[in-house]
Amino acid sequence: MLLQQISGRSESERARFIVGRIKDFISTSPANRLPLTKDDSIFNEPLVQFADGDDPIFIDYKTIIDPNHLTPRQALARAYSKTPDDIPARLSVISWILPITDKTRHSNRKETVIPTRLWSYTRWYGEELNNALRRHMVETLTSIGYLTTAPVLQPYFSIDNNMRGSYSNWSERHIAYVAGLGTFSLSGSLITECGIAHRCGSVVTDLVLPPSPRMTNPHSNCLFYHDDSCRACMARCPAKAITEKGHDKVKCETYMRNNIVYLSREYGVDMTSCGLCQTKVPCESCNPVRKLQSRIK
Ligand code: B12
Ligand code: SF4
Ligand code: SF4
């Protein structure tokens, strides 16, 4: 049944199938519920797009991020203990954005020091759901014969440090940028068409899907880079980690680490979170440059 929906179909029909599969999972999963009330979702409907697994920017990431940042071909090969040359000629990356709900975003707007319980739950339970979606997509595609992996769930996934702070060998936001889902901001996050308050994920597969067009300017959705305005995230950051030079990851991480005792004691969440720079800002839940341009027209 699943195979019929994919095999022999055009790339755009396959793309529709994948997008539908991801949206259905998020809308029907019992795990998409905040534990507080069980009535509230953690995420709104996802955005889903695709990248060409051999897009040359993945090689550029070895300079922009780190030489150890994996290309999709390396990520898939390592998951199957093969060499990159043994992997089929065409690969795709399926990338998704899970937008954080109004209720959670609005709760965090009121805060100036510590994130709310809802925001911290989104960090914790939302990432569990994100992992469940990664596993669901791997199971769906491997069950019908496609090589597929979720790099962040692989034993080879790692987070390291350099002079600029932490980075991983599979940066979900950089993947989403290649899939045309958004651009980087002054605050260091990814501004999508549904804003900056989201979590994101991806899988690599040899199912051939149509690559989505991406923005050529990696900062074009941020008002600061667009017309030298805004800077609202700078004022929102209690750690003074955002300046006109960008996001200081070391200051950000140190601030978040210092709050973990509170988050653990008050919310029972043993995980750092903050995200004040992602709420009560013009990019919270939309692309502010597109909004500005549509007002000018
Ligand atoms: C390590 C890490 C952190 C570190 C470092 C963050 C960072 N900026 O990398 C710390 C602890 C500080 C952190 C904090 C937070 N994190 Co965090 N974190 C990660 C993790 C595990 C890896 C990130 C990574 O690999 N970064 C790589 C480095 C190189 O990225 P970078 O330095 O920001 O990249 C810059 C350059 O590449 C630059 N650039 C320069 N030239 C060019 C050229 C081109 C062409 C391009 C494309 C880019 C580019 O642009 C970037 C932005 O300035 C990811 C999960 C994952 N596997 O991706 C989550 C992740 C990035 N975190 C996330 C979140 C939500 C948060 C927090 C809000 C905490 C919370 N949940 O409450 C804060 C937000 C801080 C902020 N303002 O960005 C989300 C981000 C979603 C989003 N909305 O963008 C992720 C993707 C988790 C997820 N699965 O959704 N995090
Ligand atoms: S608050 Fe303004 S300056 Fe900061 S990331 Fe959003 S759009 Fe850019
Ligand atoms: S996550 Fe918090 S500490 Fe880090 S940059 Fe945003 S507001 Fe500042």
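The values are calculated or read from the model by the stated rules, or taken from the named source; none is laboratory data. Since this is a predicted model, take the numbers as computed values, not measurements. For neighbour counting, all protein chains shown are included, and Cβ atoms are generated from backbone atoms with ideal geometry for every residue, glycine included. Keep in mind that these areas ignore ligands, DNA and RNA; they rest on the heavy atoms of the full protein, side chains included. Shrake-Rupley method; radii C 1.70, N 1.55, O 1.52, S 1.80 Å.
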Practice prompt. Output the residue which, of all residues in the range 1-48 that are over 21 Å from the mean Cα position of the chain (by Cα) and of a type in the set (Val, Ile, Thr), is nearest to Arg135 (Cα to Cα).
Written response: Ile6
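Looking for whichever is within 16 Å of ligand 2 (Cβ to nearest atom) and out of contact with any Cys (no Cβ under 7 Å at 6 or more places or on another chain) here; the options are Gly145, Gly126, Gly182, Gly165. Which one fits? Even if it seems obvious, please write down each step before you answer.
On the way: Gly145 fails: within 16 Å of ligand 2 (Cβ to nearest atom); Gly126 fails: within 16 Å of ligand 2 (Cβ to nearest atom); Gly165 fails: within 16 Å of ligand 2 (Cβ to nearest atom).
Being within 16 Å of ligand 2 (Cβ to nearest atom) and out of contact with any Cys (no Cβ under 7 Å at 6 or more places or on another chain) holds for just one of Gly145, Gly126, Gly182, Gly165, which is Gly182.
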Discussion item. Being surrounded by fewer than 21 Cβ atoms within 10 Å (Cβ to Cβ), touching a residue at least 24 places away in the same chain (Cβ under 8 Å) and at negative phi: is that true of Ser143 here?
Written reply: yes
Discussion item. Consider the range 267-280. How many of its residues are away from ligand 1 (no atom under 11 Å from the Cβ) and of a type outside the set (Lys, Arg)?
Written reply: 3
Fill in: Scan of the range 202-232 for residues that are within 17 Å of the chain's Cα centre (by Cα) and within 16 Å of Tyr146 (Cα to Cα), ordered by number
Ser202, Val203, Val204
Practice prompt. Scan Gly201, Gly145, Gly195 and give me the residue that is more than 8 Å from ligand 1 (Cβ to nearest atom) and closer than 26 Å to Thr104 by Cα.
Written response: Gly195
Discussion item. Need pairs with beta-carbon distance below 8 Å; first residue closer than 24 Å to Leu98 by Cβ and within the range 1-23, second part of a loop (DSSP other than H, G, I, E, B) and open to solvent by 70 Å² or more (accessible area, probe 1.4 Å); sequence gap 6+ or separate chains.
Written reply: Phe17/Arg9; Lys23/Glu45
